[in-house]
1. Enumerate the strands (runs of 3 or more DSSP E) found wholly within the range 116-165, keeping only those where 1 or more residues are within 14 Å of the chain's Cα centre (by Cα).
2. If I ask for residues that are more than 27 Å from residue 155 (Cβ to Cβ), in contact (Cβ under 8 Å) with a residue 60 or more places away in the chain and open to solvent by 50 Å² or more (accessible area, probe 1.4 Å), which ones from the range 107-124 would you list?
3. Are any residues in the range 22-49 open to solvent by less than 40 Å² (accessible area, probe 1.4 Å) and either basic (Lys, Arg) or more than 10 Å from the ligand (Cβ to nearest atom) (or both), and if so, which ones?
4. Does residue 104 satisfy the condition of being more than 18 Å from residue 53 (Cα to Cα) and either open to solvent by 30 Å² or more (accessible area, probe 1.4 Å) or modelled with pLDDT of 95 or more (or both)?
5. When the residues of the range 71-105 are narrowed to those that are within 10 Å of the ligand (Cβ to nearest atom) and outside any helix (DSSP H, G or I), which ends up farthest from residue 162 (Cα to Cα)?
6. For the range 116-141, which positions are in contact with a helix residue (DSSP H, G or I) (Cβ under 8 Å, 6 or more places away or on another chain) and over 16 Å from residue 61 (Cβ atoms)?
7. Which one is nearest to residue 76 (Cα to Cα), of the residues in the range 1-20 that are open to solvent by less than 40 Å² (accessible area, probe 1.4 Å) and either free of Cβ contacts under 8 Å to residues at least 40 places away in the same chain or within 10 Å of the chain's Cα centre (by Cα) (or both)?
Amino acid sequence: MPPDHRRVMRQFVTGVCVASTYVDQDSERRHDAVTVNSVTSLSLDPPLIALCLRHESRFLARIRSSARWAVSILSADHESIAEAFAQDQDKRAWAVKTMLGEPGPATGALIVKGPGWMECELDRSIAVGDHTMVIGEVRSTGVGDADSPLIFLEGRFRSLETVQS
Ligand SMILES: Cc1cc2nc3c(=O)[nH]c(=O)nc-3n(C[C@H](O)[C@H](O)[C@H](O)COP(=O)(O)O)c2cc1C
């Protein structure tokens, strides 16, 4: 029997982030963002972080094109943002206009003010199995209020309070 990878990983607690990037087209900047929980810190010197996206992801194509992206760590209050940016690209379009914050100073990618955020320049991308690992060099960081983080466990959004209860 093949190992049930997905079932085991559902038991692994992660935070939840929104990754954002943009495409400049016809003198217009089109922002896009997706909900991700595959964000990890890779290196402190140089400062590198990674996230993993399906090879077919339209958002991945946009990161490759812009070579700039931001990651915002979501708080427990941001569950509706996490849900909105887990949808397909057409449904995300309205959410980009209404739910994201200001462009970051280093990259212009949109940032959600919450527990923390980072702006990155694309360092490299590596195809691994059915996903591509996107590695970014961190150019700018911010830390916000120490709000309770949004948590993903067993396929559901939680907060520290609901995990403990
Ligand atoms: C909690 C959560 C975490 C997710 N993490 C990832 C992720 O790390 N990588 C990924 O490719 N998709 C992830 N998704 C799915 C994306 O949010 C989104 O649905 C998908 O990338 C859209 O594909 P597209 O870029 O082709 O439009 C996650 C969804 C949820 C709800």
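1. On the way: elements: 116-128, 131-143, 151-153, 156-158.
So the answer is 116-128, 131-143, 151-153.
2. Across the range 107-124, the qualifying residue is only 123.
3. 22, 23, 43, 48, 49 - these are the residues of the range 22-49 that are open to solvent by less than 40 Å² (accessible area, probe 1.4 Å) and either basic (Lys, Arg) or more than 10 Å from the ligand (Cβ to nearest atom) (or both).
4. Values: more than 18 Å from residue 53 (Cα to Cα): yes; either open to solvent by 30 Å² or more (accessible area, probe 1.4 Å) or modelled with pLDDT of 95 or more (or both): yes.
Against the criterion (more than 18 Å from residue 53 (Cα to Cα) and either open to solvent by 30 Å² or more (accessible area, probe 1.4 Å) or modelled with pLDDT of 95 or more (or both)), residue 104 qualifies.
5. 88
6. Step one: of the range 116-141, the residues in contact with a helix residue (DSSP H, G or I) (Cβ under 8 Å, 6 or more places away or on another chain) are 122, 125, 132, 134.
None; the set is empty.
7. Quick first cut of the range 1-20, residues open to solvent by less than 40 Å² (accessible area, probe 1.4 Å) only: 14, 16-20.
The next check asks that each one be either free of Cβ contacts under 8 Å to residues at least 40 places away in the same chain or within 10 Å of the chain's Cα centre (by Cα) (or both); those that pass are 16-20.
On the way: 16: 9, 17: 11, 18: 13, 19: 17, 20: 19 Å.
Among them, the one singled out is 16.
Matching residues to (1) out of contact with any Leu (no Cβ under 9 Å at 6 or more places or on another chain); (2) hydrophobic (A, V, I, L, M, F, W, C):
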{"residue": "14", "(1), (2)": "no, no"}
{"residue": "17", "(1), (2)": "no, yes"}
{"residue": "23", "(1), (2)": "yes, yes"}
{"residue": "39", "(1), (2)": "no, yes"}
{"residue": "43", "(1), (2)": "yes, no"}
{"residue": "49", "(1), (2)": "no, yes"}
{"residue": "59", "(1), (2)": "no, yes"}
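The values are calculated or read from the model by the stated rules, or taken from the named source; none is laboratory data. Because the structure is predicted, anything quoted here is derived from the model rather than measured. Note: ideal-geometry Cβ built from the backbone for every residue, glycine included; neighbour counts use all protein chains shown. Keep in mind that these areas ignore ligands, DNA and RNA; they rest on the heavy atoms of the full protein, side chains included. Shrake-Rupley method; radii C 1.70, N 1.55, O 1.52, S 1.80 Å.
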